[in-house]
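Written below as structure tokens is the structure these notes are about.
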Amino acid sequence: MLEVKNVSFAYSRTKRNILENISFAVKNNQCIAILGNNGAGKSTLIKCIDRICPVNKGAVLVDGKDVYNMSKNLLAQNISYVPQISASLNMTVFDLVLLGRKPYIKWDATSHDRNIVSDIIKKMKLEDFAMRYVSELSGGEAQKVLLARALAQEPKLLLLDEPTSNLDPRNQHEVLQIIKKISREHNTCLAIVIHDLNLAIRYCDHFIFLKDAKIFTSGTLEIVTPQNIEEVYGIHVNIIQHKGIPVIVPLPDKKMTEDKII
Amino acid sequence: MTENNVSQLQQYNTFIRRKKIVFFAVLFAAILIALFAVSAGSLNISVNEVFKSFFGKGDEMSRIAVLSIRLPRVTAAILVGAALAVSGAVMQCVLQNPLASASTLGVSQGAAFGAAIGIIVFGGGVVNSDSAATAVSINNPYIVSICAFVCGSLSTLVVILLSRFKKDLGPAGLILAGVALSSLFAGGSILLQYFADETKISSVVFWTFGNLGSAAWSELLILAVIFAVSMLYFMLNRWNYNAMESGADTAQSLGVNTKAVMLISMGVCSLVAAVAVSFVGIISFVGLVAPHIMRRFVGNDYRFLIPCSAVAGALLLIIADTFGRLIIAPVILPIGAITSFFGAPMFLYLLSRGLRTYA
């Protein structure tokens, strides 16, 4: 269970608030999508939750415990985070996933750690790549490796910053399905920053729209309406049902048809 | 535990064992070359005789040659090579910059300037004029080391501040900062020499050539202690360094206090490099080349890269020094020139093959 209470954040240099008074909660097994335009503060919000950008005000609780009072290792045992852009890594898949055990490692990795890594590699269907270097893998495979590393931390809360933005359509669905499956097995909370609204409504059950550093609105699928999307993103959309699956379709506005762009 | 997992873990163990083999192979080579270095020279001493001398037996002349001339020299090569290589490997990691090392970031030049202050201003060195190679013997190693460390740390401080407050500086920018710092300190050294008397000038000039023979046991002991402590610190942080390879945000989310690890590591690196430089003079490229050679064999896994770099650095410096001693014996070529002479082409070769990091 994740509780974010009245969180505000500003970079010390600019003083401009990136986040103002953000509050929400995610129960175990729930998956929350953090939505909004570029620069709305989505990535900053999850960095605040993981203490990478320390909040100026407010509190973050995981299972009722204050994240900001935990030791660094305890924090890493509770929350794992996969950033948007990752360095190209001259490290094997096994070693990278083993890094996820770092918060638990005292002097060296035990056989218990190695067994967990081996299990996760298998669950993520990465066995064939285990001894390959991450820098040699395709974008989709590398993203799965980073997820595997995050899962090896055995977190109570998993924070993902645009986990699907570099993936082809098949990998997008595969990655999100694996995340959901494993988080259900381990009873973890999920918070995902995601741009693709159709993927969001397909795989997430709670939604937060961020706009101008504040929560514009939040709630279940009911709040994902054409009106809210227009307010937040500034585009016209229709939401249609296709074989029982809601699909968000952007509509051309007048100017586009006049200019014959589409 | 399924069969699949078992075979995967076996694969991983084999992979790890291979890295250990690399370490022991380089270590073995270093020991062999070190023995050869002790036995070879104007007075040829057999390896058998070398061992006898270690235990205080054998011919007196060879015992003196081994114990008071060649052994300190080889020990100096081992310690200095290992110190420079390890500090290079760690600097490359915490700055996420493949070109980082004590000599490219201006730490060596800073330390040399400090040492010049120590020798000229504080009179830390005395001059005797027996031969070029012994032109400087430092009678107060402590004051020279302290001066070297302080000035070497100035470079480190500038590099740290630049990389913290100007995050978009990039790898090239940081190295340019190192170039600027190097020329600043080189200029400072020249000014110092300009106002010093002739004997002191010659002592500083010979000092900057680099001379592994100038380090006495007392100085080597200081270096050994500092090296051992820093090695312990680096090894304690090996998992942190591995995490930092994934970028600062990921490292933080894995429980690494990235700021503290970066600052303390840079401090320790500059301490160990500056002390090494202060005893034997500027030795370039070992700190840059040795880690990159080992990255080809063990990857960026600091559990193995740190010890492997240390041994590789020691090996490279023993080879370079032995070459310098034997090639036109009895003249001993300055080690600083030799390492640059061979280090630069080796580095260019590595560049042409593509540095296997941070691509």
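The ranking of A:L158, B:L157 from fewest to most other beta carbons within 10 Å of each one's beta carbon is B:L157, A:L158. In the stretch B:206-311, taking the dipole from charged Cβ atoms about the Cα centre, the farthest positive-side position among B:L271, B:N211, B:Y233 is held by B:Y233.
Suppose R0 equals 56 Å; then what is the FRET efficiency for A:Q84 and B:M61 from their Cβ-Cβ distance, rounded to the nearest 0.05?
On the way: r = 69 Å, r/R0 = 1.23.
For R0 = 56 Å, the calculated efficiency reads 0.20.
For the peptide A:111-118, the mean number of other protein chain Cβ atoms found within 10 angstrom of a residue's Cβ is 3. Backbone amide hydrogens, once placed in the peptide plane, bring A:G36 within less than 5 Å of A:L210, excluding anything fewer than 5 places away on its chain. The helix-based estimate of mean residue ellipticity at 222 nm for chain B, built from -39,500 (n - 2.57) per DSSP H run of four or more residues and divided by its residue count, is -24500 deg cm²/dmol to the nearest 500. Close amide H partners of A:V237, meaning residues 5 or more places away or on another chain with modelled amide H under 5 Å apart, are A:L251. Note on A:K102: aspartates and glutamates with a C-alpha under 20 Å away, same-chain residues under 8 apart excluded, are A:D50, A:D113, A:D119, A:E154, B:E245, B:D249, B:D301. Extending 7 Å from Cα along the Cβ direction at B:F28 and again at A:D212 yields two label points whose distance is 7.2 nm.
Hey, fewest Cβ within 10 Å first, where do B:Y241, A:Y68, B:Y194 land in order?
Working: B:Y241 25, A:Y68 14, B:Y194 8.
The most exposed by this proxy come first: B:Y194, A:Y68, B:Y241.
Over the protein assembly as shown, what is the percentage of antiparallel beta bridges among all DSSP beta bridges, to the nearest 5? Here the share of antiparallel DSSP bridges comes out near 60 percent. Rounded to 0.05, the FRET efficiency of the A:M256 and A:S8 pair, given R0 = 35 Å and the Cβ-Cβ distance, is 0.40. A Förster distance of 41 Å, applied to the separation of the beta-carbon atoms of A:R16 and A:H195, puts the FRET efficiency at 0.95. Working ranking of peptides A:220-230, B:103-113 by packing, defined as the average number of other Cβ atoms within 10 Å per residue, highest first, is B:103-113, A:220-230. Taking every alpha-carbon pair under 8 Å whose residues sit at least 6 apart, chain A reaches a relative contact order of 24 percent.
Residues of B:295-307, mean number of Cβ from any other protein chain within 10 Å of their own Cβ, rounded to a whole number?
On the way: counts 1, 1, 0, 0, 6, 6, 5, 0, 3, 0, 0, 0, 0.
Mean partner shielding for this stretch: 2.
What's the magnitude of the charge dipole for the stretch A:45-120 around its Cα centre, counting Lys and Arg as +1 and Asp and Glu as -1 at the beta-carbon? Answer in Debye, nearest 20. Charge dipole of the stretch A:45-120: 260 debye, to the nearest 20. Whole-Hz ³J(HN,Hα) for each residue in the stretch B:19-35, computed from phi via Karplus 6.51 cos²θ - 1.76 cosθ + 1.60 with θ = phi - 60°, x for glycine and proline: what do you get? The phi angles translate into 5, 5, 4, 4, 4, 5, 5, 5, 4, 4, 4, 4, 5, 4, 5, 4, 4 Hz.
From a point 7 Å beyond the Cα of B:K20 in the direction of its Cβ, which residues of the stretch B:296-311 have a backbone N at a distance under 14 Å? Of the residues in the stretch B:296-311, B:304 have backbone N under 14 Å from the label point off B:K20.
So for B:M61, A:M124, fewest C-beta neighbours within 10 Å to most, what's the order? The partial results should precede the final answer.
Values: B:M61 10, A:M124 22.
Arranged by neighbour count, lowest to highest, B:M61, A:M124 become B:M61, A:M124.
Return the whole-Å distance between the Cα centroid of the stretch B:169-214 and the Cα centroid of the stretch B:56-121. That distance is 16 Å. Magnitude of the charge dipole for the protein assembly as shown, about its Cα centre and with charges confined to Cβ atoms of Lys, Arg (+1) and Asp, Glu (-1), is about 560 debye. The stretch A:19-62 and the stretch B:299-317 have their alpha-carbon centroids 42 Å apart.
Provide the gained length on full extension for the span B:N13 to B:K259, in nm with one decimal, where the gain is 0.36 nm per separating residue minus the Cα-Cα distance.
Length difference between fully extended and current span is 85.3 nm.
Positive end of the dipole of the stretch A:4-125 (Cβ unit charges, origin at the Cα centre): among A:T14, A:N29, A:A40, the Cα lying farthest that way belongs to A:T14.
From other protein chains only, count the Cβ atoms within 10 Å of every residue's Cβ in B:250-262, then give the mean. Walk me through the intermediate numbers first.
Details: counts 11, 4, 10, 18, 14, 13, 5, 1, 1, 0, 1, 0, 0.
For this peptide, the per-residue mean of nearby foreign Cβ atoms is 6.
Considering only DSSP states other than H, G, I, E and B, which trypsin sites (Lys or Arg not before Pro) in the stretch A:1-95 qualify as loop sites with at most 14 other Cβ atoms within 10 Å?
Values: sites: A:K5, A:R13, A:K15, A:R16, A:K27, A:K42, A:K47, A:R51, A:K57, A:K65, A:K72; in loops: A:R13, A:K15, A:R16, A:K27, A:R51.
Answer by residue number: A:R13, A:K15, A:R16, A:K27.
Take every DSSP beta bridge whose two residues both sit in the stretch A:2-224; close to 50 percent of them are antiparallel.
Given the Cα-Cα distance of A:R132 and A:I240 and 0.36 nm per residue of separation, how much length would full extension add, in nm?
Values: separation 108, 0.36 × 108 = 38.88 nm, distance 4.35 nm.
Gain on stretching A:R132 to A:I240: 34.5 nm.
For the listed residue pairs A:K27/A:K144; A:K156/A:K181; A:K214/A:K255; A:K27/A:K65; A:K72/B:K166, the alpha carbons are over 22 angstrom apart in A:K27/A:K144; A:K214/A:K255; A:K72/B:K166.
Once every DSSP H run of n ≥ 4 in chain A is given -39500 (n - 2.57) and the sum is divided by its residues, what mean residue ellipticity at 222 nm do you get, rounded to the nearest 500 deg cm²/dmol?
Details: 9 runs with 87 residues, N = 262.
Mean residue ellipticity at 222 nm (helix-derived): -9500 deg cm²/dmol.
Close amide H pairs (under 5 Å, H built 1.01 Å from N) link A:A10 with A:I18, A:N56, residues at least 5 positions away or on another chain. 3J(HN,Hα) along the stretch B:283-289, derived from phi through the Karplus expression 6.51 cos²θ - 1.76 cosθ + 1.60 where θ = phi - 60°, amounts to 10, 8, 6, 4, x, 8, 7 Hz, with x in place of Gly and Pro.
Only the coordinates and a few stated rules stand behind these numbers; no lab work does. Quick caveat, the model's predicted, so the values are computed rather than measured. With ideal geometry, Cβ positions are generated from the backbone for all residues, glycine too; neighbour counts draw on all protein chains shown.
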